[in-house]
Amino acid sequence: MASSPCRPKHRCCGFLGVALAFFLAVEVAAAGICSEIELLWGADRTYCFMDGDTEVQAMSLDKSQGSTFKSNQMYLFARIDVDIKLVEGDSAGTVCTIYTISEEDWDNHDEIDFEFLGNSTGEPYTLHTNIFAGGKGGREMQFRLWFDAAADFHTYTIIWNPRRIIIQVDGKTIRSFDNNEDQGVPFPSWRQQRVYGSLWSAEDWATQGGRIKTDWSQSPFVSYYKNYNVTWCRPSPGVAWCGDEPADSTLFNLSQQDLIDLQWVRDNGCVIYDYCADTVRFNATTMPKECKLPRKP
């Protein structure tokens with residue numbers, strides 16, 4: 001049987017980087033990443049440097065502390081791209097993230113997650129994604145990537161509009177979460193969110209359910225972010241903002257290429273967990289409502 005691009009393969013060593021995506025909108029963050037973020041934790045162990053003409057933000061983790069940044073601006077409906085190069089070598093127990101989150105009323109917060117779960121040397125990263133709306137998460141999908149994410153920078157994108165949330169990797173759509181508020185399914189549609197990135201330790205669960213622990217003799221662990229770019233959502237001509245886009249508008253429809261990509265990741269073994277297919281966790285009664293609804297155009 002022919003091998004699939006997302007089946008586990010031997011990984012060689014690499015460097016690390018992140019890329020945040022771009023949307024149908026007005027570009028608002030095209031400057032270097034270091035001027036667009038504020039360091040929150042681990043500022044004494046992170047650094048910004050130039051790679052040619054490009055700013056790169058290095059994030060570091062050792063046994064005493066990880067590191068976190070947040071964007072200077074908050075957004076409501078946007079395309080967010082960032083290039084990331086993950087921790088190379090033995091990254092077991094480490095979690096590298098890029099995510100958006102609202103900042104008030106934690107019990108009802110909204111959040112869109114990229115979490116890269118490290119692994120022992122030679123084993124692939126797991127990309128863990130989740131979406132929270134109104135304080136409710138539990139919408140996990142996990143992926144094996146079709147490349148070594150620690151060998152070079154790759155672009156990771158969140159496209160958030162009133163119709164849906166799209167997750168992309170190197171321009172390939174791997175996940176789409178529809179807005180089904182009209183069916184009683186929560187969706188992040190009115191709270192602004194800020195972009196965060198971090199490198200932290202979760203050795204109790206991150207790698208093979210916590211079976212593989214972090215080898216702290218390999219620290220400090222370092223991941224790299226660059227080419228942070230945010231584009232505001234742009235509505236159709238004559239519409240004041242994206243939240244007013246008419247229900248019958250085709251502006252936010254999935255493209256034919258999106259549909260091809262979504263099928264490709266399933267056909268090639270890249271989807272390794274989908275909460276909507278978890279019949280151990282859910283039964284016919286408890287299965288989340290969105291899992292039973294048809295995909296919107």
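Just a few scattered comments:
- Which numbered condition Q73 misses (of (1) buried (at least 21 other Cβ atoms within 10 Å of the Cβ); (2) closer than 23 Å to W190 by Cα): (1)
- Just one of the listed residues (D244, D258) is at pLDDT 95 or above and surrounded by 14 or more Cβ atoms within 10 Å (Cβ to Cβ), and it is D258.
- Failed item, numbered, when F252 is tested on (1) under 30 Å from P124 (Cα atoms); (2) part of a loop (DSSP other than H, G, I, E, B): (1)
- Positions within the stretch 71-116 being part of a loop (DSSP other than H, G, I, E, B), in contact with an Asp or Glu (Cβ under 7 Å, 6 or more places away or on another chain) and among the aliphatic types (A, V, I, L, M), in sequence order: A92
- Under the condition of being in a strand (DSSP E or B), touching a helix residue (DSSP H, G or I) at 6+ places or on another chain (Cβ under 6 Å) and open to solvent by less than 10 Å² (accessible area, probe 1.4 Å), the residues counted in the stretch 146-203 number 2.
- All told, R234 meets the bar of being over 18 Å from the mean Cα position of the chain (by Cα), open to solvent by 50 Å² or more (accessible area, probe 1.4 Å) and either farther than 30 Å from E104 by Cα or basic (K, R) (or both).
The values are calculated or read from the model by the stated rules, or taken from the named source; none is laboratory data. Not measured: the values here are computed from a predicted model. Heads up, the Cβs are rebuilt from the backbone with ideal geometry, glycines too, and the neighbour counts pull from every protein chain shown. We work out accessible area using only protein heavy atoms, side chains counted, and drop any ligands, DNA or RNA first. Shrake-Rupley method; radii C 1.70, N 1.55, O 1.52, S 1.80 Å.
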